[in-house]
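Student: Got a structure for you, questions after.
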Amino acid sequence: MGELLTQSVNLLGAVLLMLAFAMVSQRRILSLIHLFTLQGATLALVTAIVGYVTDQHHLYLSAGLTFLLKVLLIPYMLHRLIDRLGIRRDIETLINIPTTMLIGIAVVIFAFNLAIPISHLSAAVAGGTIGIALACVLLSFLMMITRAKAVPQVIGFLAMENGLFFAATSATYGMPMVVELGIALDVLVGVLILGVFMFQIREQFDSLDIRHLEKLKED
């Protein structure tokens, strides 16, 4: 039974990685939000499984909090945000998608090689998930730097936090509850601040293209 649950954690980790790849290659903003929601649901399920395997009951609360924030509340806020901003166009990328995917493959190979020594030292339920978590973080960072618009960059930042949370859950059986609640609050406040920031960009430049911010440097 324990082996089956361990394999389930590895499988869900692979799902997280595939979703990260899908987010990197995604051109439509609504689809990107849906992928982020699926990633949040997968992360909540992984947290619950790790809590069951390790008998760490506080992870059940973490799973519930993750589901509430990253499956219900934050996607709802992102949908409201793009409705208010009237965003329905495809996502503009700074690098074409095939090139981005090739870079993503190289990033994943680098992440797994970097995580090999750490995985050998880990006594976690599924030590191989460290490489997956690092790859998800780096892919999210890649998505942030290859997008020209502010909203996809915000989603990339949130996806990066998903990768870090997955690493903490699978490798160390979670963080103290006070820390998790603090991080959840920080993420929520961060989304609110970034939403206000995007409204200000739209008001000043009538666009969410962050390259317009270079005008402030010239002024």
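The values are calculated or read from the model by the stated rules, or taken from the named source; none is laboratory data. What you see is a predicted model, and the numbers here were worked out from it, not measured in a lab. Please note: Cβ atoms are built from the backbone with ideal geometry, for glycine as well, and neighbour counts cover all protein chains shown. Quick note on the areas: whole protein, heavy atoms, side chains included, nothing else; ligands and nucleic acids left out. Shrake-Rupley method; radii C 1.70, N 1.55, O 1.52, S 1.80 Å.
Student: Within 10 Å, count the other beta carbons around each residue, average over each peptide in 95-108, 38-51, and list them highest first.
Tutor: Details: 95-108: 14.4, 38-51: 22.9.
Top to bottom by mean Cβ count within 10 Å: 38-51, 95-108.
Student: For the ranges 159-170, 7-18, what's the packing order if you count other beta-carbon atoms within 10 Å of each residue, average per peptide, and put the highest first?
Tutor: In decreasing order of mean packing, 159-170, 7-18 become 159-170, 7-18.
Student: Quick check: residue separation of Asp55 and Arg84 times 0.36 nm, minus the Cα distance between them. What number comes out in nm?
Tutor: Numbers: separation 29, 0.36 × 29 = 10.44 nm, distance 4.38 nm.
Length difference between fully extended and current span is 6.1 nm.
Student: At q = 0.23, 0.27 Å⁻¹, work out log10 I(q)/I(0) for region 11-57 with the Debye formula, treating every Cα as an identical point scatterer and leaving solvent out; two decimals please.
Tutor: Here the Debye-derived log intensity ratios amount to -0.76, -0.91.
Student: State the percentage of accessible surface on region 1-62 attributable to carbon and sulfur atoms; use a 1.4 Å probe and exclude ligands, DNA and RNA. Walk me through the intermediate numbers first.
Tutor: Details: 1880 of 2790 Å².
With neighbouring chains kept in place, the figure for region 1-62 is 67 percent.
Student: Moving on to the next point. Can you compute the charge dipole magnitude of region 52-118 about its Cα centre, using +1 on each Lys and Arg Cβ and -1 on each Asp and Glu Cβ, nothing else charged? Give it in debye, rounded to the nearest 20. Write out the running numbers ahead of the final one.
Tutor: Numbers: 5 positive and 4 negative charges, 51 e Å.
About 240 debye.
Student: With θ taken as phi - 60° and the coefficients 6.51, -1.76 and 1.60, list the Karplus ³J(HN,Hα) couplings across region 56-68 in order, rounded to whole Hz; mark glycine and proline as x.
Tutor: Coupling constants for region 56-68: 9, 5, 5, 5, 5, 5, 4, 4, x, 5, 4, 4, 4 Hz.
Student: Among 150-156, 72-78, what's the highest-first ranking by average C-beta atoms within 10 angstrom per residue? Intermediate results must be reported in sequence, preceding the final value.
Tutor: Details: 150-156: 22.0, 72-78: 16.6.
Taking the mean over residues of other Cβ atoms within 10 Å, the ranking is 150-156, 72-78.
Student: Pull up all non-local amide H partners of Arg28: gap of 5 or more, or a different chain, and H-to-H distance under 5 Å with H placed in the peptide plane.
Tutor: Ile91
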